[in-house]
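Participant: I'd like to ask you about the structure that follows.
The values are calculated or read from the model by the stated rules, or taken from the named source; none is laboratory data. All values derive from a computational prediction rather than experimental measurement. A quick note on method: Cβ atoms are made from the backbone with ideal geometry, for glycine too, and the neighbour counts reach across all protein chains shown.
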């Protein structure tokens, strides 16, 4: 009985061993197939990456780059080994490198996608603008595997943008020069003619017989002339404020706020602080035109009874805020109509100054416009000397608006 059990047990042991061998062989074949499939997948990826018309890179979980495709290597003219790790950053323009690496590492720490523009040295030594987009990678089990990214050369697009900006800047400069010319003609020519007409009318009034009817008529004519003269002066000031050239943007803005408030019967509060003593003329004109457009829109469309204007200096920039509690509007809807031309003009002016503008408004919730324009910390000594001299002349009684 025992011998039979041994034989049966022996047969059972042989069967188990056979099953184990078969299981191991099956697992080995499975691993082999998986490795083959992985190699084939990697090979397909490399073929695709090397024929793609973009620069492709990959990094591991330690933020060091582990792969660059052939277009990247052809673009930089460097070897694969030289680009690995942080080696690729050697080709980034020195002015762009700190910001580029900081943005990359910040996105890496947060495991979030990023988009960076920077200049990368091409194989011929020319720095080319590229836009680099990266997204995080994760393994099948959800663990972080690093990043994969792609970059394209946008230098030609940048040059086209610069050319368009140059045209826009020249058009605005020509517009401002024409405004100055017309304002001078109104102030120096037409206003003088109106003043002489008022004098001649007064002489005529003195020479006329003492007739109440004639006196009333000449008085009405005199009032009409004064009214026209005031409107001409106001138009001249709106076209180009001489205060802007002589007293600076803060004084010009304050004067415009008071003038518009009196004309439109709207309360406009103006505050300024920490302003630089001197600003570049193009920055002053930009801020003044944005304020004009913002206030005119508020008065004409918002039905607001009170508007707040705040102008202040910040670190390397000037900040302007115009806020009203009027009816508000849908920004995107207005931007797509003729009524949005003023908003587009504001954005264009600020963009040319390399600044930023935000227009926040909703129907029934009022409107707030925030502008930030970067400026240098100080103006040229010659410009400061000229402004100081002009202020001294004004202080001695030569009023710029007279």
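Participant: With 233, 227, 281 as the choices, which residue is out of contact with any strand residue (DSSP E or B) (no Cβ under 9 Å at 6 or more places or on another chain) and loosely packed, with under 14 Cβ neighbours inside 10 Å?
Facilitator: 227
The rows are residues; the columns are (1) in contact (Cβ under 8 Å) with a residue 12 or more places away in the chain; (2) loosely packed, with under 15 Cβ neighbours inside 10 Å; (3) out of contact with any helix residue (DSSP H, G or I) (no Cβ under 6 Å at 6 or more places or on another chain).
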| site | (1), (2), (3) |
| --- | --- |
| 100 | yes, no, yes |
| 111 | yes, yes, yes |
| 120 | yes, no, no |
| 129 | yes, no, no |
| 148 | yes, no, yes |
| 153 | yes, no, yes |
| 156 | no, yes, yes |
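Participant: Considering (1) assigned by TED's automatic domain parsing to the domain that holds residue 319; (2) not in a helix (DSSP H, G or I), say which one residue 209 fails and leave the rest.
Facilitator: All conditions are met except number (1).
Participant: Give me the residue from region 338-371 that is assigned to a strand (DSSP E or B), touching a helix residue (DSSP H, G or I) at 6+ places or on another chain (Cβ under 9 Å) and in contact (Cβ under 8 Å) with a residue 40 or more places away in the chain and, out of that set, surrounded by the most Cβ atoms within 10 Å (Cβ to Cβ). Working first, answer last.
Facilitator: Applying the first criterion (assigned to a strand (DSSP E or B)) to region 338-371 yields 356-361, 367-371.
Keeping just the survivors that are touching a helix residue (DSSP H, G or I) at 6+ places or on another chain (Cβ under 9 Å) gives 356-357, 359-361, 367, 369, 371.
Remaining after also requiring in contact (Cβ under 8 Å) with a residue 40 or more places away in the chain: 357, 367, 369, 371.
Values: 357: 20, 367: 24, 369: 24, 371: 26.
My answer is 371.
Participant: Would you mention how many residues in region 297-337 are under 22 Å from residue 269 (Cβ atoms) and part of a helix (DSSP H, G or I)?
Facilitator: Number satisfying all stated conditions: 6.
Participant: Residue 221 is checked against (1) surrounded by 14 or more Cβ atoms within 10 Å (Cβ to Cβ); (2) in contact (Cβ under 8 Å) with a residue 24 or more places away in the chain and fails just one. What number does that condition carry?
Facilitator: If we test residue 221 against (1) surrounded by 14 or more Cβ atoms within 10 Å (Cβ to Cβ); (2) in contact (Cβ under 8 Å) with a residue 24 or more places away in the chain, just (2) comes out false.
Participant: Look through region 298-311, keep the residues that are touching a residue at least 60 places away in the same chain (Cβ under 8 Å) and touching a helix residue (DSSP H, G or I) at 6+ places or on another chain (Cβ under 7 Å), and return whichever of them is surrounded by the most Cβ atoms within 10 Å (Cβ to Cβ).
Facilitator: Step by step, filter region 298-311, then rank; the result is 311.
Participant: Looking at residue 242 and the list (1) within 19 Å of residue 179 (Cα to Cα); (2) buried (at least 21 other Cβ atoms within 10 Å of the Cβ), which single condition is not satisfied?
Facilitator: With respect to (1) within 19 Å of residue 179 (Cα to Cα); (2) buried (at least 21 other Cβ atoms within 10 Å of the Cβ), residue 242 is out only on (2).
Participant: If I go through region 118-154 residue by residue, how many of them are outside any strand (DSSP E or B) and more than 24 Å from the chain's Cα centre (by Cα)?
Facilitator: 10
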